[in-house]
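Any read-out appearing in this document is the output of simple, stated calculations on the displayed coordinates, not a laboratory observation. In this text, all values refer to a predicted model and were calculated from it rather than measured experimentally. Here the Cβ positions follow ideal geometry from the backbone for every residue, glycine too, while neighbour counts run over all protein chains shown.
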Amino acid sequence: MTRTSESPLTLRGLRDQCDREAVSDPGRYGQGYHETQLAWSYDPAFEVGRETLFRLLREIVERELNGTFVQLGLGRRGGVRRTLEKIAARVVTVEIDPARVRAYVERECPSRIDDLIVGDSTDPAVAALVRERVGTCDLLLIDADDSFESVRADWNAYSTLVRPGGIVAIVDSSQARDWDGREIDVDRCILELDTCVLAPNGIRLQRIGNDRAVHWYEQPSNPPTRDIPVPASMAPTPHGERIGTAEDLAVWAFGKRRFAIPSGHASFDPRRIADEEYALVVPLREGDPLAAARAFGIAEQELAHARALLLRGDVEGARAVAGAVRRDAPQLRAWLLDALAEHPYSRRAILGIGTLGVLTDEPKEGRAWLEAALDRDVTDTELLQLVAAVQLRIDHDEVGARATIAQVQRKLDATRLQSICAQLHDASPGIWRYPQLLEGVRGVIQVGAHRGEEIDAFTRAGFTRQLFLEPDPAAFEGLHRACRREDGIERRALRLAVGAAPDHGVLRYADGSRSGSLCAPRVGASESGAEVEIATLDELVEQGVIDPRQFELLVVDAEGSELEVLRGATKLLPHLDVLCVAVFYEPIYDGAASPVEIHDFVGKLDEFGFLLRAHDSEGDPRRGNAIFTRGTRRRRPER
């Protein structure tokens, strides 16, 4: 198919929607992209890298591929399928794990449930069913498994479904994991595909990204039909064999080793441990593995009962239950340590060893495990309650318990703010790109608020006190209307210009500009507008209009008068923590201060001053925002 010119709105719209989904609801969609995950918390909204995904979407959109897509492998949250559904008329997905399909259906309520096929994509019967339902497709995305055999079987079975001009893409996740040296299975399959099948037919195979790369090619008019050969030196990929179930654990054999994992998984692959695929992985070293799994499961249930007793305040009862577990399952601590060596961030194992420790003879070790786990995931309310209960009822440390709860709340606020700022990444002003600078901000003063375009952003960020100043009469009408909303926010708007001293002035408008300035434009003609009253921020403080204790952030966009605004705020500025000031890199207005002059003024304001933390141009080479924070922030009471 002939390429079309890029449609920036379409591609940008897709990118923006993906970025919003990546941070909007971690409990529902997961959080972020593959490369943003933490070692102890792998739950991405998209199991590929951000740029890798967008470059693949670009290839799809540029070719105007929007018919039927076939996806092999839904992924844990189905983020890629959700994105493909925004492009394609139909997406047919094959997924081996029925639990993932059920969760996706419950979460998304897709219009065509029969397009979600539960089964092994390498099963000839499943492949025949897909061919029957699809006929041909515009895109084939292979991401079901990362073994050589699976990728080979999927390409052999499905690649000829793609019509000429469509795309065949293979996601390589094998390099993200390593088990017994089998970290290049997909790459090896790709090499054989490229050298033995595609290149001899003049087909160019391309690669996007590194870790979890995507290999793709455009389907030619005569698709290759030869199967991918198997190298003579290629050892078969080992697979887990299910032995049986005990309590809520399934026992799997993988080579000479035995593992217990939560039941309900259709397969077991140790390479997926690093992806948080399994909540618990217990190596069973000797003896009857089913008997060991049963003993472990019973002990785990008893420890859960001990935690419940502790949370209810029955410390002695909790200790009695934990002591009985220690006597009846003396090997439990060794099992838990083995489980943590295999999967260092397993919540179930940490809860087990933490509970066992604090209620028996290892209280310091147990408390350290629980506190470390809570530090990694402050959203875990059960862990928070448990840590607080240990501090209150075992350590008798009420001050420590309160401090823990306050610290968790601060981290939750910071996490929420980061999520919101990610959604506001491209909004104005550019301060949203730096959420760490906004932690603790509850009140904002904006000089040059225009029509209140930033009110929604300030409100979403949790700024509960908002004061806006705007001199332009027409813009102020819009600002005043925007402020008249009943949402519990303390929001005020004043029709005032702000400067270094009380005065009156005339707004000037450059050709084509809707923003008035007290300064004359350097380039082009200008026309005069309304005469306006000029006040200083310090004057408003003295009149009681502004209570400095209620605000932490000052945003100034006065179209050239920014330094004058700051000079009239020398009494207010020492009370603030963050400044976001519009700066001009080119002389747009007569009398406008340079970025260096603004930096020097706020830096020498008092013994602490403000430190420059970031410059953000927002895509305009002539102007941007300078963001400052105080050298020492104010101590504020908890609110």
Item checked: Under 5 Å, built H, 5+ apart or other chain: amide partners of Val162 -> Cys137
Note to self: At a 10 angstrom cut-off on C-beta neighbours, averaged per residue, how do the peptides 469-480, 216-227 rank from highest to lowest?
What the structure shows: 469-480, 216-227
Notebook entry, point to check: Put +1 on the Cβ of each Lys and Arg and -1 on the Cβ of each Asp and Glu in segment 197-346; which of Ile208, Phe296, Tyr345 then has its Cα farthest toward the positive end of the dipole?
Noted result: Ile208
Next item on the list: In debye, nearest 20, what is the charge dipole magnitude of segment 239-305 about its Cα centre with +1 on Lys and Arg Cβ and -1 on Asp and Glu Cβ, if you could check?
Entry: 320 debye
Notebook entry, point to check: Quick one: net charge of Pro200's neighbours, Cβ under 11 Å, K/R +1, D/E -1?
Noted result: 0
Item checked: Karplus 3J(HN,Hα) series, Hz, for segment 67-75 with 6.51 cos²θ - 1.76 cosθ + 1.60 (x for Gly, Pro) -> x, 9, 10, 10, 10, 9, x, 6, x
Notebook entry, point to check: Check Gly244: other-chain or 5+ apart residues with amide H under 5 Å from its amide H, H built from backbone geometry?
Noted result: Val251
Notebook entry, point to check: Taking the highest mean first, how do the peptides 391-398, 579-586, 76-83, 435-442 order by number of other beta carbon atoms within 10 angstrom per residue?
Noted result: 76-83, 579-586, 435-442, 391-398
Checklist line | Principal axis box of segment 534-625, alpha-carbon based, largest edge first, Å | finding: 38, 28, 21
Next item on the list: Work out the length of the dipole vector of the chain about its Cα centre, built from +1 on the beta-carbon of each Lys and Arg and -1 on the beta-carbon of each Asp and Glu, and round it to the nearest 20 debye.
Entry: 640 debye
Notebook entry, point to check: Which of the following values of Rg and Dmax of the Cα atoms in Å was calculated from the structure shown: (1) 26.6, 90; (2) 30.6, 112; (3) 30.6, 91?
Noted result: (3)
Next item on the list: With unit charges on the beta carbon (Lys/Arg positive, Asp/Glu negative), name the residue among Gly78, Gly499, Gly400 whose Cα is farthest towards the positive pole of the charge dipole of the chain.
Entry: Gly400
Checklist line | Degrees between helix 398-423 axis and first principal axis of the chain (Cα, 0 to 90, nearest 10) | finding: 80 degrees
Checklist line | Computed helical MRE - 222 nm, the chain, DSSP H runs ≥ 4 contributing -39500 (n - 2.57), nearest 500 | finding: -11000 deg cm²/dmol
Checklist line | Dipole magnitude of segment 397-479 about its Cα centre (Cβ charges: Lys, Arg +1; Asp, Glu -1), debye to nearest 20 | finding: 320 debye
Item checked: Cut-off 16 Å, label 7 Å out along Cα→Cβ of Lys571, residues of segment 530-547 by amide N -> 535-547
Check: Got a sec to turn the phi values of segment 46-58 into Karplus ³J(HN,Hα) couplings, 6.51 cos²θ - 1.76 cosθ + 1.60 with θ = phi - 60°, whole Hz, x for Gly and Pro?
Finding: 10, 8, 10, x, 4, 5, 4, 4, 5, 5, 5, 4, 4
Check: Using the Karplus equation 6.51 cos²θ - 1.76 cosθ + 1.60 (θ = phi - 60°), what ³J(HN,Hα) coupling, rounded to whole Hz, does each residue of segment 375-388 give in order, writing x for Gly and Pro?
Finding: 4, 6, 9, 6, 7, 7, 5, 5, 5, 4, 4, 5, 4, 5
Margin query: Amide H of Leu494 versus every other amide H placed in the peptide plane: which residues, excluding those fewer than 5 positions away on the same chain, fall under 5 Å?
Written below: Phe468, Leu469, Glu470
Margin query: Modelling each spin label as a point 7 Å along the Cα-to-Cβ direction, I'd like the Arg242/Leu612 distance in nm, to one decimal.
Written below: 6.3 nm
Notebook entry, point to check: Which one of Val325, Ala253, Thr459 has its Cα pushed farthest toward the positive end of the charge dipole of the chain, where Lys and Arg give +1 and Asp and Glu give -1 at the Cβ?
Noted result: Val325
Check: What FRET efficiency do you get for Asp361 and Ser594 if R0 is 60 Å and r is their Cβ-Cβ distance, rounded to the nearest 0.05?
Finding: 0.35
Check: How long, wide and thick is segment 239-378, going by the Cα atoms along their three principal axes, in whole angstroms, largest first?
Finding: 46, 32, 22
Notebook entry, point to check: Distance from the Cα centre of segment 16-37 to that of segment 448-503, in angstrom?
Noted result: 31 Å
